[in-house]
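The values are calculated or read from the model by the stated rules, or taken from the named source; none is laboratory data. These figures come from a predicted structure and were not determined experimentally. We place every Cβ from the backbone using ideal geometry, glycine too, and count neighbours over all the protein chains shown. Please note that ligands, DNA and RNA were not included when accessible areas were found on the heavy atoms of the full protein model with its side chains. Shrake-Rupley method; radii C 1.70, N 1.55, O 1.52, S 1.80 Å.
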Amino acid sequence: MEAVKPRYGPAEFAQRGQTLYEQKVRGHVTDEDKGKFVAIDIETGAYELDSDDYAATERLLQRQPVAQIWLSRVGDRTTYRIGGCPPMERSWS
Amino acid sequence: MVIGRINAFYEAVIPIRLQDVKGIVHEFTAVVDTGFNGTLTLPSKTIALLGLPWRTRGSAALADGSEGTFDIYAATILWDGLPRPILVEAVEMMPLVGMRLLADHDLQMRVQPGGAVKIVAVRKHGESRTR
């Protein structure tokens, strides 16, 4: 696979990714998708949804080998949490 | 099965084995962090040493409530004796093993300095007991 490098700075990358998630993905996910990963190409808006983060990104790269991928997670503000700090608004179950 | 120890700082420390781009296996030490809901973090110098390919960017919330953007790389970890492709977040601290790597495993710890940490794959229904 061709080596892909980030072509945008971190702030623009995140902003494009979050905007595309809101525009193209949020309206199509349900409660059953909660916790799944969304890999979005910030240049084309193409995306893949999977419960496995690696699978989501690899499937999108198979379709678009030079994709600039932003990784989001359904139902959470961030892709990951490091250090155990679920948001106050999230239920504990 | 993975065997580790509780260290003097009450951290659950385990060995992890990762392949570099040439397939050569390197062993590192990682801390099990049940508050991390990803798979693995590595510092960028370790990612460079292994020659891991960049894959994506994502965000993470840290323990103080702040949020940051991180580069994410593809890696192959030897887990349960088998190579397993994973995504690794570049974070400048000691490697952390998160809950996604521990999925479908039992985690047992004797929480005292020197105490054993055991990570054992959960047998799937119908799987041989002699494995």
Cα gyration tensor category, rounded, prolate or oblate, for chain B with a/c compared to 1.5:
oblate
Buried accessible area between A and B, both sides, 1.4 Å probe, in Å² rounded to 100, is 2600
Within 10 Å of each Cβ in B:84-93, how many Cβ atoms from other chains are there, averaged over the peptide?
3
Probe 1.4 Å, heavy atoms of protein chains only: per residue, the accessible area of the protein assembly as shown in Å² is 54
Relative contact order, percent, segment A:10-73 [alpha-carbon distance under 8 Å, six or more residues apart]:
36
Would you jot down the residues in segment A:1-36 that end up with at least 50 Å² less accessible area in the complete protein assembly than in the chain alone, with a 1.4 Å probe?
A:P6
Taking a straight Cα-to-Cα line shorter than 18 Å from A:K36, and setting aside same-chain aspartates and glutamates fewer than 8 residues away, one finds A:E22, A:E48, A:D50, A:D52, A:D53, A:E58, A:D76, B:E89, B:D104
How large is the charge dipole for segment B:15-101, taken about the Cα centre, if only the Cβ atoms of Lys, Arg (+1) and Asp, Glu (-1) carry charge, to the nearest 20 debye?
320
Could I have the simple spin-label model distance between A:R26 and B:S44, label points 7 Å from Cα toward Cβ, reported in nm to one decimal?
3.1
Write down the percent of antiparallel bridges among all DSSP beta bridges whose residues are both part of the protein assembly as shown, to the nearest 5.
80
Give the range of the longest stretch in chain B that excludes all GluC sites (Glu not before Pro) found in loop regions by DSSP and having at most 12 other beta-carbon atoms within 10 Å.
B:1-91
Report, to one decimal in Å, the Kirkwood hydrodynamic radius for chain A based on all distinct Cα pairs.
13.9
Can you compute the charge dipole magnitude of segment B:60-103 about its Cα centre, using +1 on each Lys and Arg Cβ and -1 on each Asp and Glu Cβ, nothing else charged? Give it in debye, rounded to the nearest 20.
260
Under a plain spin-label model, where a point goes 7 Å from the Cα along Cα-to-Cβ, how far apart in nm are A:T19 and A:R7?
1.6
How much net charge surrounds B:R110 when only the other residues with a Cβ under 13 Å from the Cβ of B:R110 are counted, with Lys and Arg +1 and Asp and Glu -1?
+2
Do any chymotrypsin sites (Phe, Trp or Tyr not before Pro) in segment B:1-106 lie in a loop, going by DSSP, with at most 13 other beta-carbon atoms within 10 Å of their beta carbon, and if so which?
B:F9, B:Y10
